[in-house]
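Reading through the structure tokens given below for one structure.
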Amino acid sequence: MFTPKYPPQDTALPVTATTSATAHNPAPGQPTRAPAPASVAPVVSNRPTVQLTPGSTLALAAGGGAVVLVVGAVLVSMLLAVAITGVSVAVVAVVLRLLIKDLNNHR
């Protein structure tokens, strides 16, 4: 499942006894030939192509802007909730401190 699948190597030349001997060690006095280029078939994709029109580009930009605004509003509201909680805890701490001080003074 996780092993990579490589496409077959169609550009490799077939290795035979005559081509391997003559390709690497040509006879003295014989010119060396370059191998013929392999024909490459065009790649055909089954996926449809996406064409962006001005209207779809505008809709995409508006959708992205809406997402940014929604995420920003959620983050600001969470920050505001944390700030309100911190202030309320601080107020409760001050009130408790005053109550404890007042109890100690009356004894």
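The values are calculated or read from the model by the stated rules, or taken from the named source; none is laboratory data. All values derive from a computational prediction rather than experimental measurement. A quick note on method: Cβ atoms are made from the backbone with ideal geometry, for glycine too, and the neighbour counts reach across all protein chains shown. To get the accessible areas, we keep the full protein, side chains included, count just its heavy atoms, and leave off ligands, DNA and RNA. Shrake-Rupley method; radii C 1.70, N 1.55, O 1.52, S 1.80 Å.
Within the range 37-53, at least one residue is out of contact with any helix residue (DSSP H, G or I) (no Cβ under 8 Å at 6 or more places or on another chain), open to solvent by less than 60 Å² (accessible area, probe 1.4 Å) and under 30 Å from Pro7 (Cβ atoms).
On the given criteria, is Ser20 of a type outside the set (D, E, K, R), part of a helix (DSSP H, G or I), modelled with pLDDT under 95 and open to solvent by less than 90 Å² (accessible area, probe 1.4 Å)? Judged against the criteria, Ser20 is a match.
Confirm whether Leu96 is open to solvent by 70 Å² or more (accessible area, probe 1.4 Å), modelled with pLDDT under 95 and in a helix (DSSP H, G or I). Considered against the rule, which asks whether it is open to solvent by 70 Å² or more (accessible area, probe 1.4 Å), modelled with pLDDT under 95 and in a helix (DSSP H, G or I), Leu96 comes out as no. Just to be sure before I move on: is Ser77 modelled with pLDDT of 90 or more and within 41 Å of the chain's Cα centre (by Cα) in the structure I sent? Criteria met by Ser77.
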